[in-house]
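Derivation of every value follows stated rules applied to the coordinates shown; laboratory data play no part. Keep in mind that this is a model prediction, so the values were computed, not measured. All Cβ positions, glycine included, derive from the backbone under ideal geometry; neighbour counts span all protein chains shown.
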Amino acid sequence: MRTVNRIRIRAEPDFVFSVASNLLDWPRMLPHYRWVHHIGGRGRWRIYEMAARRSFIPVKWISLTNVDPEARQIYFRHTGGLARGMEVVWSIELASGGTTVEIVHELSRLRVPIVRSVPGRIITGRVFVEYIAGQTLHYMKEWIEQRCVAQS
């Protein structure tokens, strides 16, 4: 199972990438994020503990993360939490009128048995992943576009 969230942001792709790839700032920009902690790794490959909310439900996970500025992509492999095994790719591309940001979550390699089941993947994908990713894109767009208007 795969989920895809996409949004267009009125800003330059390099600026969008610089904001999106600064994971430690996410809780400041995104009200549904509770925290992001760097817990290991160096260079492009780092390990983060991340926590957010789906409405009132708290969720947290650990991700092995690779930030690729040349491709303007951010890759996450969930290594801890209920979504362990999920792979996520953020792609940031130039588009007419700004930048398109796409988040693809691949749920086919989930490792927790109850989450790996068909109903578990549907609930995880539709109820949690799509919602949280949608909120992330919505708030990031709002944050970025407010700064771009303020600079012009």
Discussion item. Can you find a residue that is touching a His at 6+ places or on another chain (Cβ under 9 Å), in contact (Cβ under 8 Å) with a residue 12 or more places away in the chain and part of a strand (DSSP E or B) anywhere in the stretch 26-40?
Written reply: no
Item to complete: Say whether the condition of being within 14 Å of the chain's Cα centre (by Cα), in contact (Cβ under 8 Å) with a residue 24 or more places away in the chain, surrounded by fewer than 18 Cβ atoms within 10 Å (Cβ to Cβ) and within 26 Å of residue 124 (Cα to Cα) is met by at least one residue in the stretch 60-79.
Response: yes
Worksheet, complete the sentence: Filtering the stretch 1-38 down to residues that are β-branched (Val, Ile, Thr) and either surrounded by fewer than 17 Cβ atoms within 10 Å (Cβ to Cβ) or closer than 18 Å to residue 105 by Cα (or both) yields 3, 4, 7
Worksheet, complete the sentence: residue 56: passes all of (1) closer than 15 Å to residue 136 by Cα; (2) more than 12 Å from the chain's Cα centre (by Cα); (3) not aliphatic (A, V, I, L, M) but (1)
Worksheet entry | Identity of the residue in the stretch 82-105, hydroxyl-bearing (Ser, Thr, Tyr) and not in a loop (DSSP other than H, G, I, E, B), that ends up nearest to residue 72 (Cα to Cα) | 91
Worksheet item: Looking at residue 91, is it under 14 Å from the mean Cα position of the chain (by Cα) and among the small types (Gly, Ala, Ser)?
Response: yes
Practice prompt. Only residues that are assigned to a loop (DSSP other than H, G, I, E, B) and under 19 Å from residue 50 (Cα atoms): list them for the stretch 1-25, please.
Written response: 21, 22
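Do we find that residue 100 is of a type outside the set (Gly, Ala, Ser), out of contact with any Lys or Arg (no Cβ under 7 Å at 6 or more places or on another chain) and in contact (Cβ under 8 Å) with a residue 60 or more places away in the chain in this structure?
Here the answer is no, as residue 100 does not meet what is asked.
Taking the residues in the stretch 101-152 that are of a type in the set (Ser, Thr, Tyr) and under 20 Å from residue 56 (Cα atoms) as candidates, determine which candidate is surrounded by the fewest Cβ atoms within 10 Å (Cβ to Cβ).
First pass over the stretch 101-152, keeping only residues of a type in the set (Ser, Thr, Tyr): 108, 117, 124, 131, 136, 139, 152.
Narrowing the set further to residues that are under 20 Å from residue 56 (Cα atoms) leaves 124, 131, 136, 139.
On the way: 124: 25, 131: 18, 136: 22, 139: 16.
Step by step, filter the stretch 101-152, then rank; the result is 139.
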Worksheet item: Among the candidates 76, 128, which residue alone is out of contact with any Lys or Arg (no Cβ under 8 Å at 6 or more places or on another chain) and of a type in the set (Phe, Trp, Tyr)?
Response: 76
Worksheet item: When only residues in the stretch 106-130 that are outside any helix (DSSP H, G or I) and more than 20 Å from the chain's Cα centre (by Cα) count, which is nearest to residue 1 (Cα to Cα)?
Response: 117
